[in-house]
Amino acid sequence: MSDLSGEAVTATDAGLRQRVRRDSPRKDAPGSDRHRHGASRARRVARAAIVAAAILLAVVAGRVLGSAGGFAVLALSGILLLAVPTARSFSRRVLIALTIVFGVAPVLWWIPFPLPTLGRATFLLAVTAAGLGAWVAYGRDPRSRLRRLIPQMRLIDSLPLIVALMSAGTLINFLKARTASDAMTLLAMSWDNASHFDMYYMLRTHGQIIGALGNSPDGSAWHFYNYPQGFHSTVALLAELVRGPLTADLGGELVSYTILSAVAAIMAVTLVAAALCSLPLFRRSFSVAAPVVVFVSAGWIYGPGAAATMHGFQNFYVAVALVAAFLVLMVLQVRLFQPLTLVAAVAAAVGVAHNWVLLGTLLIGACAILVIPWNRRRWAGSRRNYLLAAGTAIFAILALLPALRQLSSISADDVLYAVGGVPAPDYGRAAAIVIGALGVSLLAGARSRNRDFTSTVRQTDRMAAGAWTVVAGLIVVVFMAVAQISKSGALSYYSIKYVLALELIALVVLAMGVVSLLGAAPAGRLRTSWRGILATLLLMAAVTQGFGLTLDTRSIGLTPSSTSALEFEKQQKALDAPVPRHVAALLTAVESNGGAPAAYLTTYGKEFDAILAYQWYEGLTRTYTEKSAALMPHLFPLWSGVEGLQPVVKALREAEPTLKIIVDPHDEELLRRILGDAR
């Protein structure tokens, strides 16, 4: 017979274990060492308590006194998180750790924190460090437990690190931002950054999700009260690690957001790579898996994924990465009640709901893997596992309720027919990837059914079943496309982004199908020969260019063509030039007005959209409310330039007679004349 992991258990072994148990002395028999073990356990408990208390006090003291801050603490926190022995392999630890971070962060900011000067990040850091210290100290052999803190590193575990460096290379301009003007120059290039910075800044200022704050000082609700803020919660948590719980000056917060939003994007694509590298079939052959993982990562970094990271859609990018993680976790869920895998999967689902809830439809498709192949033994578990699963389900319900409440005020039409600025995907490439993912998955599934029913085949079946995720996405895309085209004749904002998400997830499904076909057989000498290593490296280098040329080789007449390279070039030109006048004017308006509520009107229409400038002022001054947002339609005449200033001022005065209006220095005299005439 065999257990669920496929390890053989013979009848002889079973009988031997029964005899050992029968011959073992009872604990209450004369001469038993129960009291000695009790005393030993008491000493271990005391030792663990002392170590935990010492570490807790040291971390809290260091943070409160200000000696433990900056990006070094961010790096050390990452190392500490990966030291938690959730799995043996490095990649699996990255998968579990990042999924839980993205999933738990938004829940933390819905709850008021009783120690604002300490901060959530310091509390979590201290508790994690103390918990690890206590776990090591409690062991009968602390040195053995200390060794278990170091994850197992194999060659394939280098891929998530390589992918992180690839992503950092495309986002290097964001990571190098050090001044408010540089940060604003980069952020102002994409429309959605104004909204996302506002939500981040409000979290940093008020310490809670906007939806939990109540009404604003002008009596209306804060703007974005019904917008999911999972990504912003994560960035705010990272900012607490780097800068502390108290809000810094505006320039410091702009720089922090610029850098840390890029860090969150790097974490997201690293999560995708680590998820793939966690799959046992990927780990069997580095020469097969490495080019496939790098190809998927190239799509996320240089190809369609760059449309999100380079245009201010990092929250969407994180949500899609969590869908990919959930998909892989379903494959890894051999037993349905594996506690850690189940917790990570629930955290991924919660993270999706608090970032881009429409992607929950892809999660439904991924859940099909749980019943493929059907085997009742997969549903077996201990009482402890059942209780942990019940507790996890309760957490999921409690964590999802705020997200559902937040979204309850949004109608289906608002999502289905919303408009917005998002780069249209390459539909031909998207179709090729989606169809290819379905085809390869079908081949992998058909091949596995022709083999013996072994553990590896079960894994292949589950990986092939990832195609149901793509099928679920196709159903949603077709429904949205029919509704939108029949009404307006074209796809709109959310359907375009959903196509982008489907393309990125299809890349992951395609990778699982390819490795199922190529990686099931042993790689033989190719895995270790120098020819095999060289071939693998060349393939890895080649697939990085699969979504367009990423290198700047203009000196030899080759122009970069990947999405990331083209956007990077625009960013670099903007940073190399003097500070754009519209950026300088915006920062001057905020500073000169002391951050007070006002309507900021700019006539730099060709360089900076007037409505976007208005939104940025509201976000930078933390005055963005439903009442102020309702005034934005009056700003449309400013698209014609300075000629539109008079009708806009007149309309704003009629709508809000006491509203303060500020303009750029070159328009101040004109504003005085307009206001004088109005009197």
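The values are calculated or read from the model by the stated rules, or taken from the named source; none is laboratory data. The structure presented is a predicted model; accordingly, all values stated were derived computationally and were not measured. Every residue, glycine as well, gets a Cβ built from its backbone with ideal geometry; the counts of neighbours run over all protein chains shown. SASA here: full protein model, heavy atoms, side chains in, ligands and nucleic acids out. Shrake-Rupley method; radii C 1.70, N 1.55, O 1.52, S 1.80 Å.
Under a Cβ-Cβ cut-off of 12 Å, what is the net charge of the residues other than F608 that fall near it, where Lys and Arg count +1 and Asp and Glu count -1? Please list the in-between numbers first.
Numbers: positive: R581, K606; negative: E607, D609, D664.
Here the count lands on -1.
Highest first, please rank the peptides 223-236, 534-547 by the mean number of other Cβ atoms sitting within 10 Å of their residues.
Numbers: 223-236: 25.9, 534-547: 15.7.
Top to bottom by mean Cβ count within 10 Å: 223-236, 534-547.
Net charge dipole, the range 568-643: roughly 40 debye, given to the nearest 20, about the Cα centre with Cβ charges of +1 for Lys and Arg and -1 for Asp and Glu. Helix 159-170 axis versus longest C-alpha principal axis of the chain: approximately 10°, rounded to the nearest ten. Converting the Cα gyration tensor eigenvalues of the range 535-679 into ellipsoid dimensions via √(5λ) gives semi-axes, longest first, of 44, 16, 13 Å.
Roll a 1.4 angstrom probe over the protein heavy atoms and tell me the percent of accessible area of the chain that is carbon or sulfur. Spell out each step's value before the answer.
On the way: 19750 of 30560 Å².
Solvent-exposed carbon and sulfur of the chain make up 65 percent of the total.
Where the only charges are on Cβ atoms (+1 Lys, Arg; -1 Asp, Glu), what is the dipole of the chain about its Cα centre, to the nearest 20 debye? It would help to have the intermediate numbers written out before the result.
Working: 60 positive and 38 negative charges, 917 e Å.
Dipole of the chain, to the nearest 20 debye: 4400 debye.
Are any of the pairs K497/K570; K627/K650; K606/K627; K570/K606 more than 20 Å apart by Cα-Cα distance, and if so, which? Where the Cα-Cα span goes over 20 Å, the pairs concerned are K497/K570; K606/K627. Separation of the range 497-514 from the range 583-661 is 41 Å, based on Cα centroids. Axis angle, to the nearest 10 degrees, between helix 610-620 and the longest C-alpha principal axis of the chain: 60 degrees.
Considering helices alone, the calculated mean residue ellipticity of the chain at 222 nm is -21000 deg cm²/dmol, with DSSP H runs of length four and up weighted by -39500 (n - 2.57) and normalised per residue.
In the range 192-298, one over the average inverse separation of all distinct C-alpha pairs is 16.0 Å, which is the Kirkwood hydrodynamic radius. The label-point distance for N593 and T658, in a model that sets each label 7 Å from Cα toward Cβ, rounds to 1.7 nm. Which angle between 0 and 90 degrees, to the nearest 10, do you get for helix 193-206 versus the longest principal axis of the chain when only C-alpha atoms count? So the helix axis and the longest Cα principal axis differ by about 70 degrees.
Cβ under 15 Å from L491's Cβ, L491 left aside: what net charge do those residues give with Lys, Arg +1 and Asp, Glu -1? Could the numbers behind the result be given before it?
Numbers: positive: K487, K497; negative: D426, E503.
The answer is 0.
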